[in-house]
Amino acid sequence: MILQVTDLEVFYGNIQALHGISFNVEEGETVTIIGSNGAGKSTTLLTIAGLLKPGKGEIKYLGTSTKTLPADRIVRRGISLCPEGRRIFSSLTVYENLIMGAVQRRDRKKIRADVKWVLSLFPDLNSRLDQAGGTLSGGQQQMLAIGRSLMSRPKLLILDEPSLGLAPVLVNQIFNVIATLKNDGTTVLLVEQNARRALEIADRGYVIETGRITMEGSSTFLKSNDQVKSAYLGG
Amino acid sequence: MSSTAYFFQQFINALSLGSIYALVTIGLAMVFSILRLINFAHGDLMMIGSYAILMLFNAGLPVWTAILAGVAISGITGIIMERLCYRPLRGSAEMNTLLTSFAVVVLLENGAVLFFGPNTQPFGILNFIQPTLAVGSLLISKIDAITVVLTLAILILTALFIKKTTLGISMRAVADDLTASQLVGIPLNRVIVSAFFIGSLFAGLAGLLWSARAGKIFPLMGFIPVVKAFVAAVIGGFGSIPGAVIGGYVLGFAEVFFVALLPPDFQGYRDAFVFVLLIIILLVRPQGILGAKAMERRI
Amino acid sequence: MHSGRQAGYTFMALGLFFLGIYLLSAYGNHYYQRVGNLMMIYVILTVSLNLSSGIMGISSLGQIGFMAIGAYVAAILTLPPGLKERWLTGLPHWMHSIQTGLLPAMLLAGLLAAVVAFLVGIVILRLQGVFAAVATLGFLIIVKVIAENWMTVTRGGRGLSALPAYTNLWWTSTAAVVTIYAVWRILKSPHGRSMIAVREHDLAAQSVGINAPKIRLLAFVISAFFTGIAGALWANLIGVVSPGSFYLWLTLLIIIMMVVGGMGSVTGSVISAVGFTILLELLRGFENKIAMYGISYIIFAVVFLLMIIFRPEGIMGDREFSWRNVRRIIPLP
């Protein structure tokens, strides 16, 4: 098991955002967490990434606890979170953004090779390497954000709402890349509002509501579940 | 003296003063861009560096060794300051960190009064350098010349560092988006400590140059320069390093020519002029002369 | 609890307070009287800073500039005419022969500080957060530079000395009580609630119709008025005003008093100002004994650092004294 989250509780001040969440991800799997706005998806991911500290519960990555580690150490262990809203470095060039993705690595030659690899996944970025990140279009920024996350060569890639606010054409492109990564054997934890697309690509899924996991199962099961259908798949 | 020669000398003078402001402002801006902290105690690193150099020199160290060691002490003091005073406050309200830095000023300046005494001491360790340099018919202060050249070299190195090295790019990334920079794995503490260290080294060096210019040092010497460096940073658009440099030089020139142009009776008002300038710029062009969006960029 | 009874308690407490002032005035030695006067002045300074910074949320480092203005106004008004003629040649002629008592000096000191605050406030209060802080610090430096250089009105760095010692415990304690009462009333009035609303959320407050710039200016001006009065009391207590007296150390001192007491709490400011005055005197004695001058500043700064790291809300937070709470602990009739 690559990631095991047990009874996770997270507070913002006095307000409890997560009420004991448990789920796991197996090596090589693509797992999705679906849920509506404010259900606690992003909170869960930020806690795994080390930006929020859990009140209770355990996060185990490859068998060891990561809940007390700072964010940069978690990246070094092999978890990479591509955050909601892209959050690329807008004043840095595209190339610098990618280099920052590999900031924990020391193997310069391999980093250069990986830049080429990322550019092969997102050919749109090729001609814009020296452009400031902030000048890119929304879709290009999303590609850059994913590319930047891949530059740490994560064993577990976490994507938070990668298709949010993108035109259908770009959504397809993003999901094609996720499919490629999946076929290459990357483990992916995907959080999406677009539950239909997420369940198409994922092996398994969890449904989260107001800080609790309310349902889990294989994608086929969830897709055919009536409650999921009416709440997340538009009937 | 011809008016051209007078003008030229004032020009060099302004260039030298501007260089010192630029050195101080870089450190202030680096820390601000990352932490949103205005570190008033940054000026006291000038004071600590100068006293350290003087004491080491008086203890018998060769002058260049004393200078290197003194500047290093200033840098280390900056690191200690971050660790003890600012790190525990990370993430707390902007105003709290500002007031804290104000308290650190009082702490350091009174510490200096306690250790070094309240009085002004002569600072003549660079006096062995010939006072003036003749260029044709012009006489240039050698300290000024050294200040300008040395600063220029440092500025070029800094620009390369910020532009090319992983640490330099990391600093810009952290200034851009703190959360994202943690998510990609930038070691935040290392970046912050580096910013403090580099800024403090520059402050120590600026302290040496400032003290050599003034010929004296005293425990409270760092306060006015740091507040002026803030003005310079505002001129340049707060948080941007190139802006800090330009702001430093603009301020140096404004100040020198203000003094040169006004009747002697009004020269005492020089500092008042600088702060009136600050308030006007803050109101009219809060994004600074360079127009960087530094103020809105960070949440 | 019945509000008439609360007022009764308050009057009794005030009676006891002024009885104490009477005893100290009549029987206390000079040193204790002086400490008492300083304590009241610090109370005025801290409570009025709390109005603009704590309650209203203006990040001001320039408050002591208003104290300097008040002190200089009072000094110029109360300076003996002979000295005035000799030192202050820049004053208009008719002022040379005038020497006022403390009350007019105090009121004019407060008024001029308030007028300056109004003019400065229109400009500076458009800035936010750290930028307001540094702009107000710039104001403080400007005031100091003017005091140092305007020789014919302020006598520059030598300062104005031989001021009559008008200030006594009755003046300072009355001024302190008036300040506390005024700030308290403002805090409990609709204006006070508007101030807190603007501090907590500027835009939201404006969207419900609060004129945020106006309310900020109001707090700033009233705060400066009382601070100017404190300056006047200070000038005629110490007998000397000079530019260096009203600068960074005093600025930090009252900020420490306010933060430790609790930003937003009048009660906290009073408690803290009283406590720190005593601490300051104890430390001064200690300092003289061990001949390490400046150690009290260092201790104050360290206290402040520890406080802001471990208990940033201060002693009182934004809570206030009430008889109801006292009654819970001590059984009052």
Q | Cβ-Cβ under 9 Å pairs, at least 6 apart or on other chains, region A:55-69 side closer than 17 Å to A:V10 by Cβ, far side loosely packed, with under 13 Cβ neighbours inside 10 Å | A | A:E58/A:S65; A:I59/A:S65; A:K60/A:M1; A:K67/A:K53; A:T68/A:K53
**Q.** Hits in region A:189-214 (condition: at pLDDT 95 or above and closer than 21 Å to A:Q140 by Cβ)
**A.** A:L190
Q. Somewhere in region B:140-162, is a residue closer than 30 Å to A:I99 by Cβ, aromatic (F, W, Y) and either within 14 Å of chain C (Cβ to nearest Cβ) or assigned to a loop (DSSP other than H, G, I, E, B) (or both)?
A. no
**Q.** Boolean, C:V198 is part of a helix (DSSP H, G or I) and closer than 23 Å to C:L88 by Cα
**A.** no
**Q.** Pairs with Cβ under 9 Å, 6+ apart, first in region B:151-168 and farther than 24 Å from B:W210 by Cβ, second among the polar types (S, T, N, Q)
**A.** B:L167/B:S194; B:G168/B:T158
**Q.** Boolean, A:R86 is among the charged types (D, E, K, R), in contact (Cβ under 8 Å) with a residue 40 or more places away in the chain and on the phi > 0 side of the Ramachandran plot
**A.** yes
Q | Criterion violated by C:L250 - all others in (1) within 14 Å of chain B (Cβ to nearest Cβ); (2) within 16 Å of the chain's Cα centre (by Cα); (3) farther than 23 Å from C:L102 by Cβ satisfied | A | (3)
**Q.** Residue in region A:75-90 that is surrounded by the fewest Cβ atoms within 10 Å (Cβ to Cβ), counting only those that are in a loop (DSSP other than H, G, I, E, B) and facing another protein chain (nearest Cβ under 8 Å)
**A.** A:S90
Q: Test B:A134 against the stated conditions and say whether it is more than 14 Å from every other protein chain (Cβ to nearest Cβ), of a type outside the set (F, W, Y), under 23 Å from B:G49 (Cβ atoms) and loosely packed, with under 14 Cβ neighbours inside 10 Å.
A: no
Q) Do you know which residues across region B:85-114 are more than 22 Å from the chain's Cα centre (by Cα) and in contact (Cβ under 8 Å) with a residue 24 or more places away in the chain? A) B:R90
Q) Restricted to region A:1-28, and to residues that are hydroxyl-bearing (S, T, Y) and touching a Leu at 6+ places or on another chain (Cβ under 9 Å), which residue is modelled with the highest pLDDT? A) A:S22
Q: Residue by residue through region B:58-72, note down the ones that are touching a residue at least 12 places away in the same chain (Cβ under 8 Å) and surrounded by fewer than 21 Cβ atoms within 10 Å (Cβ to Cβ).
A: B:V63, B:A69, B:A72
Q | Given (1) buried (at least 22 other Cβ atoms within 10 Å of the Cβ); (2) modelled with pLDDT of 90 or more; (3) closer than 26 Å to B:F102 by Cα, number of the condition B:L188 does not satisfy | A | (1)
Q: Out of the residues in region A:95-109 that are modelled with pLDDT under 95 and part of a helix (DSSP H, G or I), state the one that is farthest from the other protein chains (Cβ to nearest Cβ).
A: A:K109
Q | Residue check, B:R172 under 30 Å from C:M263 (Cα atoms), within 14 Å of chain A (Cβ to nearest Cβ) and not aliphatic (A, V, I, L, M) | A | no
Q.
Of the residues C:V240, C:V274, only one is in contact with a strand residue (DSSP E or B) (Cβ under 9 Å, 6 or more places away or on another chain), touching a residue at least 60 places away in the same chain (Cβ under 8 Å) and under 22 Å from C:I41 (Cα atoms); which?
A. C:V240
Q) Residues B:L209, B:L205, B:L278: which one is at pLDDT 90 or above, closer than 26 Å to B:F7 by Cα and crowded, with 22+ Cβ neighbours inside 10 Å? A) B:L209
(Q) Given the options B:F238, B:F218, name the one that is hydrophobic (A, V, I, L, M, F, W, C), closer than 19 Å to B:G43 by Cα and over 16 Å from the mean Cα position of the chain (by Cα). (A) B:F218
Q: Of the numbered conditions (1) at the interface with chain B (Cβ under 8 Å from one of its Cβ atoms); (2) in contact with a Phe, Trp or Tyr (Cβ under 6 Å, 6 or more places away or on another chain); (3) not basic (K, R), C:W323 fails exactly one; give the number of that condition.
A: (1)
**Q.** Where C:V153 falls short, out of the listed (1) over 18 Å from C:I55 (Cβ atoms); (2) under 21 Å from the mean Cα position of the chain (by Cα)
**A.** (2)
Q) Only one residue in C:L112, C:L160 is more than 10 Å from chain B (Cβ to nearest Cβ) and in contact with a strand residue (DSSP E or B) (Cβ under 7 Å, 6 or more places away or on another chain). Which one? A) C:L160
Q. Within region C:253-292, which residues are more than 14 Å from chain B (Cβ to nearest Cβ) and touching a Phe, Trp or Tyr at 6+ places or on another chain (Cβ under 6 Å)?
A. C:V266, C:T267, C:A273, C:T277
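The values are calculated or read from the model by the stated rules, or taken from the named source; none is laboratory data. Owing to the predicted nature of the structure, the values given are computational and were not obtained by experimental measurement. When we count neighbours, we look across all protein chains shown, and the Cβ atoms used for this are built from the backbone with ideal geometry, even at glycine.
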